[in-house]
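What follows draws every value from the coordinates through simple rules; no lab data is involved. For clarity, every value in this text was computed on a predicted model and none was experimentally measured. Using ideal geometry, Cβ is built from the backbone for each residue, glycine included, and neighbour counts are taken over all protein chains shown.
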Amino acid sequence: MDHEKVNILLVDDQPAKLLAYEVILKELGENLVIASSGREALEVLLKTEIAVILVDVCMPELDGFELAAMIREHPRFQKTAMIFISAIQVSDIDRLRGYEMGAVDYVPVPVVPEVLRAKIRVFAELYRKTRELERLNRELEDRVRARTAELENSTTKLRESEQRRSMAIAAGKMGSWDWDWISGDWMWDEGQYRIFGVSPESFAVNPANVQALLHPDDVDQLRKAVAEFNKGTRAYETEFRILRPDGEVRWCVGTAAATVDDSSRVVRVSGVTVDITERKRAEERQNLLAREVDHRAKNALALAQSIVRLTRADEVKAYVNAVEGRINALARVHTILSLSSWQGAELSRLIDEELAPYSLGGQIVLAGPEVQLMPTTAQTLALALHELFTNSAKYGALSTRSGRLAIGWQVEDQLLTLNWEETGGPLVMPPKSRGFGTRSLLASVESQLGGQAQFDWRAEGLLCRLEVPLTRKTAATAPGKFDVASASELQRASG
């Protein structure tokens, strides 16, 4: 379909990437404008009307965040769509920062052409439609002004209708209503019925029926609004909840304005109701995310601190390797959990991540069903498995080519049983004392998860049995929460 081309600004300091974006976006049929730096992009914006800005996050001098902030400071570009391209893993904190700076979306590298085209196409079309609406609005306003002189007898009704229409356009997901203060008659539009979850055929609009749909805790503030109009208030706005007939609770914001006669007596009240439930939920999710990020960061730091403090080694190099290994194990399980939005992790995935450096020549055999672990359980087991693999690689079956390791697990009555069996390695002698790895493994599995860890130091190889309940409260806490008391458990174990 023929349409007016819009300008799309591509900002990147690397010519090869700019060329790649041009090739990807060429088939959209839009005007592609190139800028090789943030400053050049600002110069282009001052001279050209831009619909969408595609900007690389990492650039010298002005990075993507700084450029976005400068663009948003200009009143003319406060609504211009900006899409960030990032070649690094973007955290939730970085995403929030980007959105605060004005980004409308993120595109990770490597760029998927179809995805990039789809995102650009959406915002380009939105820009076109916005401009078309502005043009239509200007034309409509011109026609209204032209007809006003011919329709002097209906000026009041036309003004009221135009006011409701303008408010509807501005509000978006909304409904409008009108209340004749003298006769008591009500008028609801289709949007108002939809917000309240009722139909014009079955619902009679009157004060009693409307009040029945209001949340009991919010009835008084609506009564207060009526009282304010009787006192001379001309406009009122408030947030309130409604209880739909199907039991769903929705958040709304209501705005009302009074019309008075020549003696300043209220004769009509008109208003708009906007459903803001999604906004409320988004605010709750954002607050929850901020709390979760803070909690996870504190717990991860607490656990890392305990690892650093309690690790023992005779040499600096051995100490560094031990600490790095344990922290990397924690980082790997955090990556797995983040991919599931901290809903959980598969046991087989945890084992695969830990055995990757040792899976040579078929030395390792795995057997067990798919088991979904809660986040706390996953973190603790990941560290336990890391200790077992590390010890096996140093002293056990994985320290020689002839060694074999079999890992099997099963679940019965919500109890996970994991068997670790080493054979074919060096001759095993029972240790005279337990090292940090064994002590921390016992402390975490038994104290943190309420399970058991049993070791059998057979001459032919270590046999370890871990029993972990999958439904214990400490193992089923909210996603991302790790009991910082584990640090004190490790302290007692190391003592």
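Going by neighbour counts of Cβ atoms within 10 Å, the residues Cys58, Cys464 line up, fewest first, as Cys58, Cys464.
The Arg147 and Thr335 beta-carbon pair, evaluated with R₀ = 60 Å, returns a calculated FRET efficiency of approximately 0.40. Across the stretch 268-275, computed HN-Hα scalar couplings (Karplus, 6.51 cos²θ - 1.76 cosθ + 1.60, θ = phi - 60°) run 7, 10, 10, x, 10, 10, 10, 7 Hz from first to last residue, x flagging Gly and Pro. Residues whose amide H lies under 5 Å from that of Ala81, counting only those 5 or more places away or on a different chain, are Ile53; hydrogens are built 1.01 Å from N in the peptide plane.
How many percent of all Cα-Cα pairs in the stretch 172-275 sit more than 24 Å apart? So the pairs more than 24 Å apart make up 19 percent of the total in the stretch 172-275.
Going from the residue with the fewest nearby Cβ atoms within 10 Å to the one with the most, Asp456, Asp189 rank Asp456, Asp189. Where the centroid of each part is defined by its Cα atoms, how far is the stretch 233-251 from the stretch 120-147 in Å? Spelled out, the Cα-based centre of one part sits 31 Å from the other.
Extending 7 Å from the Cα toward the beta-carbon at both Val112 and Lys47 defines two label points whose distance is 3.7 nm. In plain terms, the residue of Val198, Val115 with the fewest other Cβ atoms within 10 Å comes first and the most crowded comes last, giving Val115, Val198.
Name the residues of the stretch 228-244 whose amide N is less than 16 Å from a point 7 angstrom out from the Cα of Val260 along the C-beta direction? It comes to 228-236, nothing else.
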